[in-house]
Every structure is written in structure tokens, then in C-alpha cells.
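Visitor: First the structure, then my questions, so here it is.
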Amino acid sequence: MTGFLSSPPKCRLVRHIVVGLSALALLGVGLQMPASAADHDLGTLVGTWRLVRYVDTPEGGTSIQAFGTAPAGLFIFTADGHVSISIMRNPPKIASATTDPDPDACVPGWYCSYFGTYTVDYKRGIWITHVVGGNIPAYLGTDQPRSFTIAHDTLTISETYMQGTQRVRAERVLARSAQDHLR
């Protein structure tokens with residue numbers, strides 16, 4: 001009787017080694033192939049990202065930190081394709097909430113927020129928020145594309161826009177929330 005099960009132990013060992021090396025070779029080829037957009041799902045962006053830096057720099061000008069040097073913000077991307085973005089100036093502590101004449105009023109200069117669904121094009125390095133609601137009237141019902149990169153636990157959004165005739169470089173830096181590592 002010939003075959004794998006009846007082979008002498010030395011032949012079985014050689015076959016195990018060949019099969020193992022073949023599997024490793026295939027794994028190595030798979031690891032070296034670049035990932036395509038189809039290989040990604042929303043998973044890379046999914047989670048809670050804490051805003052660390054929000055800076056706009058006009059060409060030839062000085063940096064502007066519209067939300068201060070220590071902005072507060074969360075960008076939340078869910079696995080089912082929903083997004084919520086909230087950014088605010090880190091205001092000084094108010095002694096008592098009762099000193100606010102209208103505690104339900106929004107303070108537009110301090111806080112911006114919008115939400116909706118999102119799609120991702122990893123090949124182009126953009127996500128598009130399909131805005132459903134928020135407190136930025138010009139965003140309502142629009143698609144808001146953002147160019148981004150992710151390196152380890154840092155999400156960087158960087159793009160250039162025109163303000164009148166001046167080119168402005170925008171940079172937003174976010175850190176992945178520590179709770180996302182606990183999953």
C-alpha cells in the first residue's frame with residue numbers, strides 16, 4: 001500500500017515540511033500584495049477619534065486656531081456607516097450653570113457639529129459625509145468630502161481650500177480613543 005499514510009516517517013516529515021513551506025510562501029505573497037480599495041471596509045475608520053489639533057494656515061500667513069490651542073472634539077464613525085462630528089472651543093470653566101440666562105442656547109462660535117452617513121474611498125484616501133443634520137446650515141443635505149490618512153492611532157485630515165483669493169492649508173489631527181483598543 002502506497003500513499004501518504006503508509007509512507008515511511010521520513011517521507012511524511014518531508015511532505016509536512018513542503019506543505020508548511022508552501023503555506024508560508026503563499027502567506028508571504030499575500031502579505032506583499034498591496035491592499036486594494038475592495039479589500040477595505042469601513043473598519044479602518046470605525047471608532048471614536050479625539051480631536052488633538054485644528055489649524056488653518058493661509059499661504060504666506062500665520063496659523064489660525066479657530067477652536068483655540070486645546071480644541072475639544074469627537075469624530076465617531078460606526079460600523080454600519082453613520083458618522084457624528086462635534087468640535088468646540090475649550091472654554092474656561094463656568095462657576096455655575098445657573099449663571100447662563102439660556103442654558104439651552106447653542107453658542108455658534110464655540111461649537112460646530114454635523115452628522116449623517118459616510119462612505120470611504122481608501123484608494124483615493126477620502127471619506128464623504130452625507131450630511132443629514134447639524135448646526136452648520138451650509139452643510140445640510142450636502143456631501144462633505146475629506147482627504148485623510150491613518151498612521152497607527154492617528155487620523156490626519158489635510159486639504160487646501162480657497163478663502164477669497166487666498167489658498168489656505170487645513171490640518172485636523174485626531175487620536176484614536178483608548179476605548180477602541182479595549183474591543
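Rule-based calculations on the coordinates, nothing more; no lab input. Owing to the predicted nature of the structure, the values given are computational and were not obtained by experimental measurement. Note that each Cβ is placed from the backbone with ideal geometry, even for glycine, and that neighbours are counted across all protein chains shown.
Visitor: Rank-order 118-128, 153-163 by packing density, defined as the average count of other C-beta atoms within 10 Å over each peptide's residues, highest first.
Guide: Values: 118-128: 16.0, 153-163: 13.9.
In decreasing order of mean packing, 118-128, 153-163 become 118-128, 153-163.
Visitor: Modelling each spin label as a point 7 Å along the Cα-to-Cβ direction, I'd like the Thr149/Asp121 distance in nm, to one decimal.
Guide: Computed distance between label sites Thr149 and Asp121 equals 1.9 nm.
Visitor: Work out the FRET efficiency for Arg50 and Ala170 from their Cβ-Cβ distance, taking R0 = 25 Å, and round it to the nearest 0.05. Walk me through the numbers on the way to the answer.
Guide: Numbers: r = 18 Å, r/R0 = 0.73.
Taking R0 as 25 Å, the efficiency between Arg50 and Ala170 is 0.85.
Visitor: Rounded to the nearest 0.05, what FRET efficiency do Thr78 and Asn135 have when you use their Cβ-Cβ distance and R0 = 25 Å? Write down the numbers at each step before the final one.
Guide: On the way: r = 21 Å, r/R0 = 0.82.
The value I calculate is 0.75.
Visitor: Amide H of Val52 versus every other amide H placed in the peptide plane: which residues, excluding those fewer than 5 positions away on the same chain, fall under 5 Å?
Guide: It is Val173, Leu174, Ala175, by chain and number.
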